[in-house]
Structure formats: structure tokens, C-alpha cells
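S.K.: Here's a structure for you.
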Amino acid sequence: MKVIRLREGKERSLLRRHPWVFAGSIAKGQADAGETVRLESHDGRFLAWAAFSPSSQIRARAWTFDENERVDHAFFKRRIGAAVALRQRLAVASDGVRLIHGEADGLPGLVVDRYGDLLSAQFSSAGTERFKQTIADVLLQATGCTRLYERSDSGVRGLEGLPPVTGWLRGADVAGGDTTVTIREHAWQLTLDVHEGHKTGFYLDQRDNRARLADWVRRFGCRRVLNCYSYTGGFSVAALAGGAEQVTSVDSSAPALARATAHVALNGFDPARHRAVDADVNAFLREALKNGETYDAIVLDPPKFAPTASHAERAARAYKDINRLGLKLLAPGGLLLTFSCSGGVGAELFHKIVAGAAMDAGVDGAILARLEGAPDHPTTLMFPEGEYLKGLAILKS
Ligand code: SAH
């Protein structure tokens with residue numbers, strides 16, 4: 001068992017149960033990638049059992065703050081079991097559920113989504129990589145699923161010194177190896193591909209906001225809806241379900257748009273009510289404004305403009321730009337659903353950016369709701385970094 005000794009004063013965040021130890025906090029000690037190490041304060045007090053990550057700036061991630069707990073098969077069984085049990089109590093309105101949400105579920109670097117009978121997982125830290133086979137076995141046991149697809153191809157793997165990996169981890173022969181699956185979310189059905197889709201295949205975090213859009217479209221009688229950064233059209237289907245007459249999905253990914261078009265038919269809506277536009281959103285919005293188009297509801301759900309706080313300033317300009325254009329394109333009384341999934345842009349800053357955009361557009365609006373990720377993407381009190389998705393629903397004055 002290897003010991004990693006921290007510098008004086010650097011134990012504070014671990015004592016507050018924040019799981020990360022940065023390279024600069026370490027006084028001495030070395031270990032292999034993913035090896036379980038004992039973290040100690042400068043004067044030798046036990047702090048945590050952690051996964052060591054020699055090439056990452058986040059040099060260690062705490063598995064447990066309990067000195068008596070072993071990091072073994074039973075440990076993963078307890079943690080995964082607790083995460084799965086929490087989801088059962090949440091009564092998620094879908095068979096697409098985030099089962100493991102990294103640090104918030106006490107499993108730093110692990111994300112697992114369940115899509116029907118299929119699991120899709122991302123192992124993005126040296127620690128989860130080392131215990132991959134154990135984790136895979138426990139996941140199948142805890143869920144009763146027979147197949148698990150690995151989507152360890154996110155950029156953060158590189159920071160850990162790990163190569164990208166995708167493919168079946170368990171159950172390659174089940175259902176002929178088909179990587180597509182159709183989930184039922186609220187009142188609609190959505191198909192996704194765990195091999196080709198973004199992240200683990202789909203954006204489950206927006207599930208409840210899609211239901212709210214359907215509800216608002218119905219209550220406010222929104223006729224024309226514009227879904228920007230639509231991906232496979234989840235918000236578009238929700239708008240159609242809410243009774244919108246005409247929905248436009250805009251995205252720069254042709255395969256995502258093809259699926260959006262297929263989703264309209266899959267859910268029994270007249271294809272004439274939907275238009276898929278392959279374009280850069282910023283350019284589309286400018287063009288629409290020039291052509292004098294207006295919309296009764298607009299969704300802006302862009303990709304992460306600011307991965308970290310250091311990108312916040314440039315990201316702020318990008319967010320402000322699309323929100324200004326979106327607010328201008330809205331008819332008076334129209335509804336804007338605007339989001340940021342950037343960890344580097346907090347809810348307060350995002351509010352300021354959107355207010356600045358409204359100022360530049362020369363409009364005001366009432367905040368109908370503050371939006372966040374669905375509860376199967378929990379955040380914890382001790383790990384504010386986990387809070388990434390924030391949004392506002394605004395009624396234009
Ligand atoms: N709202 C979606 C998720 C959006 S993810 C849902 O509910 O499922 C962000 C999307 O933005 C991705 O589909 C990506 O292809 C798209 N995208 C990224 N940059 C873009 C750009 N400049 N213009 C248009 N789409 C873009």
C-alpha cells in the first residue's frame with residue numbers, strides 16, 4: 001500500500017470531503033495509474049483512500065474518507081447499489097436514466113446511463129480504468145441488464161494519459177450487437193445509438209426541461225417553435241407534443257438531424273410540421289432576423305462554450321450573442337428556453353449574460369423558471385464542480 005503525503009494546509013478540501021487532489025498539493029509519494037493509495041496530511045493523519053493518476057493535474061481522486069473501508073468488489077457493489085436505489089426512488093419518467101453521475105455518486109470519473117436494457121458507460125479516470133472489469137460485472141448484477149457498451153472517448157481521457165476506447169464491454173452478441181435502442185421519455189419515444197451518438201448516446205439531463213417545454217407550448221399556445229442546437233430533436237418532439245404547428249430544428253450535425261426527422265415520424269406527427277436545418281446556429285439566427293422571421297418559442301441549448309472558468313470570458317460573448325439574436329427573433333410574449341452546460345459559467349454569471357443580451361436587444365422579459373439538469377444527475381453539497389447545466393425560461397415582454 002503506497003502513501004501519498006500532502007503539503008501542509010493542503011488537506012483542507014479533503015477534510016470537507018471534496019474528492020480531488022491537485023498535483024501541486026502533493027509533497028511526496030508515487031504510484032501507478034489507478035492504484036489505490038493512502039492519502040495523508042503533512043503530519044501523517046489519514047485523509048482518504050484514493051485512486052492515483054500520475055499524468056493528470058487531478059493527481060488523486062478519493063474513493064472513500066473512511067479508513068476502514070477497502071476499495072474492492074464489495075466497495076463498488078455498495079456504491080453502485082446505492083446509486084441505482086436512488087434512481088428507483090426518483091421515479092424517473094423514462095427508461096433512459098443516468099445511473100452513475102461520477103463524483104456525486106461517490107465514483108469519480110464514472111458515468112453510466114441506462115437506455116432500456118442497455119448500459120452505456122464512460123470511464124474517464126485512471127481509477128475507474130483500473131477497476132473497469134469489476135465495475136462492469138457489478139453494473140450488470142445491480143441492474144439485471146445483459147449488455148454494456150463502453151464510450152470512453154471523451155477528451156478528458158487524454159488528460160489522464162488514457163487512450164480512447166469504444167466497444168462492447170459485456171454482451172456483444174446480445175441483440176446481434178445492435179447499438180441502437182428506442183427509449184420512452186414522458187409521452188414520446190426517442191431512438192439513440194450508443195456507438196454513434198454524442199457522449200453515451202443521448203442528453204438525458206434535459207429530460208424534464210423537454211417536458212416543461214411541451215407544457216408551456218400548450219399553455220401559451222406557441223405556434224412556431226425554433227429548436228437551436230437540436231441534436232436529435234428531443235425538444236422538437238416535445239414542442240410537437242405540446243401542439244406547436246411548425247417546429248424548426250437547427251444543428252450542424254447531419255446524422256443528428258436525420259434522427260430528428262425520424263423522431264417526428266416515430267411519434268406519429270405529420271412530417272410537414274417539422275423542418276430540419278443543417279446550419280451553424282449563429283449564422284441561421286442572423287439570416288432569420290434579416291428575413292423578418294419570428295417565433296413564439298425558441299430553445300437555445302448550445303454545446304459547452306466554456307469547459308473551464310478560464311474560458312468564461314470568450315464563452316460569455318458567444319452566449320450573449322446567440323441570446324441577443326434569439327430574443328430579437330421572438331414575438332412579443334414569446335418564450336425563450338436558454339441553457340449553458342459550461343462548468344466554467346455559473347448560474348449567476350449566466351443570468352448576467354442573458355440580461356446583457358436582453359439589454360442589447362432592447363427588450364425585457366420575465367423569468368418564468370430557473371432550470372437545471374434532471375435529478376438523476378445529482379449534485380452534492382461538497383462538490384460544486386458537478387453543477388454544470390443551468391438555464392432560464394423567459395417570457396419576452
Ligand atoms: N438540446 C439537445 C442537446 C444539444 S447538444 C437535446 O435535448 O438532445 C448540442 C448540439 O449542438 C449538438 O447536437 C451539436 O451537434 C450542436 N452544435 C454544436 N455547435 C453547433 C453550431 N455552431 N451550430 C449548430 N449546431 C451546433
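Laboratory data are not the source of any read-out in this text; all were calculated from the coordinates shown. Quick caveat, the model's predicted, so the values are computed rather than measured. Because the Cβ atoms are built from the backbone with ideal geometry, glycine has one as well, and the counts that use them run over all protein chains shown.
S.K.: With runs of 4+ DSSP H residues as the only contributors, calculate the mean residue ellipticity of the chain at 222 nm using -39,500 (n - 2.57) per run, divided by the residue total and rounded to the nearest 500. Could the numbers behind the result be given before it?
M.R.: Numbers: 11 runs with 121 residues, N = 397.
Rounded to the nearest 500, it is -9000 deg cm²/dmol.
S.K.: While we're here: Convert each backbone phi in segment 187-197 into a coupling constant with the Karplus relation 6.51 cos²θ - 1.76 cosθ + 1.60 (shift: θ = phi - 60°), then list the ³J(HN,Hα) values in order as whole Hz, x for Gly and Pro.
M.R.: Using θ = phi - 60°, the values come out as 9, 10, 10, 9, 9, 9, 10, 5, 7, 9, x Hz.
S.K.: Also, I was wondering about something else. In debye, nearest 20, what is the charge dipole magnitude of segment 243-363 about its Cα centre with +1 on Lys and Arg Cβ and -1 on Asp and Glu Cβ, if you could check?
M.R.: Working: 12 positive and 13 negative charges, 50 e Å.
Charge dipole, segment 243-363, about its Cα centre: 240 debye, nearest 20.
S.K.: Of Gln122, Leu389, His351, whose Cα points farthest to the positive end of the dipole of the chain (charges on the beta-carbon: +1 Lys, Arg; -1 Asp, Glu; origin at the Cα centre)?
M.R.: The residue sitting farthest along the positive end of the dipole is His351.
S.K.: Along segment 382-397, what does the Karplus equation 6.51 cos²θ - 1.76 cosθ + 1.60 (θ = phi - 60°) give for ³J(HN,Hα), rounded to whole Hz, x for Gly and Pro?
M.R.: Going residue by residue, I get 8, 10, x, 4, x, 8, 10, 8, 9, x, 10, 9, 10, 9, 5, 5 Hz, with x marking Gly and Pro.
S.K.: Could I ask something else about it? Return one quarter of the surface area of the convex hull spanned by the alpha-carbon atoms of segment 165-229, equal to its mean projected area, in nm².
M.R.: Values: hull surface 23.8 nm².
The directionally averaged projection comes out at 5.9 nm².
S.K.: Through the Karplus equation 6.51 cos²θ - 1.76 cosθ + 1.60, θ set to phi - 60°, convert the phi angles of segment 354-362 into ³J(HN,Hα) values in whole Hz; use x for Gly and Pro.
M.R.: After applying 6.51 cos²θ - 1.76 cosθ + 1.60, I find 5, 4, x, 5, 5, 4, 5, 7, x Hz.
S.K.: Here's another thing I want to ask about it. If you filter segment 1-98 for chymotrypsin sites (Phe, Trp or Tyr not before Pro), then keep DSSP loop positions with at most 13 other Cβ within 10 Å, what is left?
M.R.: Values: sites: Trp20, Phe22, Phe46, Trp49, Phe52, Trp63, Phe65, Phe75, Phe76; in loops: Phe65.
Passing sites in segment 1-98 do not exist.
S.K.: Taking the chain as a Gaussian network, where each spring joins two C-alpha atoms under 10 Å apart, which residue of Gly177, Gly386, Gly81 fluctuates the most?
M.R.: Maximum fluctuation in the GNM of the chain, among the listed residues, is at Gly177.
S.K.: Over the Cα atoms of segment 61-122, what is the Rg over Rh ratio if Rh follows Kirkwood? List each step's numbers first, then the result.
M.R.: Details: Rg = 12.4 Å, Rh = 12.4 Å.
Result for segment 61-122 is an Rg/Rh of 1.00.
S.K.: Taking a cut-off of 24 Å between Cα atoms, list the lysines near Lys290, but don't count ones fewer than 8 places away on the same chain.
M.R.: Partners found: Lys320, Lys328, Lys396.
S.K.: Follow-up. Before anything else, pin down the relative contact order of the chain: Cα pairs under 8 Å, at least 6 apart, normalised by residue count, whole percent. Write down the numbers at each step before the final one.
M.R.: On the way: 867 pairs, mean separation 42.5, N = 397.
With pairs under 8 Å counted, the relative contact order is 11 percent.
S.K.: If the cut-off is a Cα-Cα distance under 25 Å, which lysines reach Lys28, setting aside same-chain residues fewer than 8 apart in sequence?
M.R.: Counting by Cα, and skipping residues close in sequence, Lys28 has these lysines nearby: Lys2, Lys10.
S.K.: I would also like to ask the following. Can you give the Rg and Dmax of segment 298-355 based on its C-alpha atoms, in angstrom?
M.R.: Final numbers for Rg and Dmax: 11.3, 36 Å.
S.K.: Quick one: length gained pulling Ala175 to Leu86 fully straight, 0.36 nm per residue minus the C-alpha distance? Before the final figure, lay out each step's value.
M.R.: Details: separation 89, 0.36 × 89 = 32.04 nm, distance 2.86 nm.
Full extension from Ala175 to Leu86 adds 29.2 nm.
S.K.: Do you know the relative contact order of segment 291-357, to the nearest whole percent, from alpha carbon pairs under 8 angstrom that are 6+ apart? Could you put the intermediate results ahead of the total?
M.R.: Numbers: 91 pairs, mean separation 32.0, N = 67.
In percent, rounded to a whole number, it is 48.
S.K.: Now for a different question. Running a GNM on the chain with Cα contacts under 10 Å, which residue among Ser53, Ser253, Ser310 ends up with the highest mean-square fluctuation?
M.R.: Ser310
S.K.: Here is a further query. Name the residues whose placed amide hydrogens come within less than 5 Å of the amide hydrogen of Glu69, ignoring near sequence neighbours (fewer than 5 apart) on the same chain.
M.R.: none
S.K.: Between Ser253 and Thr294, what length in nm is gained on full extension when 0.36 nm per residue of separation is reduced by their alpha carbon distance?
M.R.: Values: separation 41, 0.36 × 41 = 14.76 nm, distance 2.39 nm.
12.4 nm is the gain from fully extending Ser253 to Thr294.
S.K.: Restricting things to Cα coordinates, could you compute the convex hull volume per residue of segment 1-82 in Å³?
M.R.: 91 Å³
S.K.: So what are the three principal axis dimensions of segment 333-393 from its Cα atoms, in whole Å, longest to shortest?
M.R.: Result, largest extent first: 39, 20, 14 Å.
S.K.: Which value, in Å to one decimal place, does the Kirkwood hydrodynamic radius take for segment 250-359 when every pair of different Cα atoms is included?
M.R.: On the way: mean 1/r = 0.0659 Å⁻¹.
One over the average 1/r among Cα pairs gives 15.2 Å for segment 250-359.
S.K.: Okay, moving on. Taking Cα pairs under 8 Å and at least six residues apart, what relative contact order does segment 103-158 come out at, in percent?
M.R.: Values: 68 pairs, mean separation 19.8, N = 56.
That works out to 35 percent.
S.K.: A follow-up question, please. Segment 18-132: Rg/Rh from Cα coordinates, Kirkwood Rh?
M.R.: On the way: Rg = 15.3 Å, Rh = 15.0 Å.
Result for segment 18-132 is an Rg/Rh of 1.02.
S.K.: Please list 242-249, 183-190 highest first by mean number of surrounding beta-carbon atoms within 10 Å per residue.
M.R.: On the way: 242-249: 22.2, 183-190: 18.2.
Put in order of decreasing packing, that is 242-249, 183-190.
S.K.: So, one more: Amide H to amide H under 5 Å from Thr64: which residues, 5+ apart in sequence or cross-chain, H placed 1.01 Å off N in plane?
M.R.: Trp49
S.K.: Based only on Cα atoms, what mean projected area does the convex hull of the chain have, in nm²?
M.R.: Numbers: hull surface 78.0 nm².
It is 19.5 nm².
S.K.: Which values, in whole Å and largest first, are the semi-axes of the equivalent ellipsoid of segment 108-231 obtained as the square root of 5 times each eigenvalue of the Cα gyration tensor? Let's see the in-between values first.
M.R.: Working: eigenvalues 193, 61, 31 Å².
Square roots of five times the eigenvalues give 31, 17, 13 Å.
S.K.: Ok, one more. Can you list the GluC sites (Glu not before Pro) in segment 14-119 that are in a DSSP coil and have 16 or fewer other beta carbons within 10 angstrom? Mind dumping the intermediate values first?
M.R.: Numbers: sites: Glu35, Glu40, Glu67, Glu69, Glu103; in loops: Glu35, Glu67, Glu69.
Hits after loop and neighbour filter: Glu67, Glu69.
S.K.: If I build a Gaussian network model for the chain, linking alpha-carbon pairs within less than 10 angstrom, which residue out of Leu140, Leu119, Leu90 has the largest mean-square fluctuation?
M.R.: Maximum fluctuation in the GNM of the chain, among the listed residues, is at Leu90.
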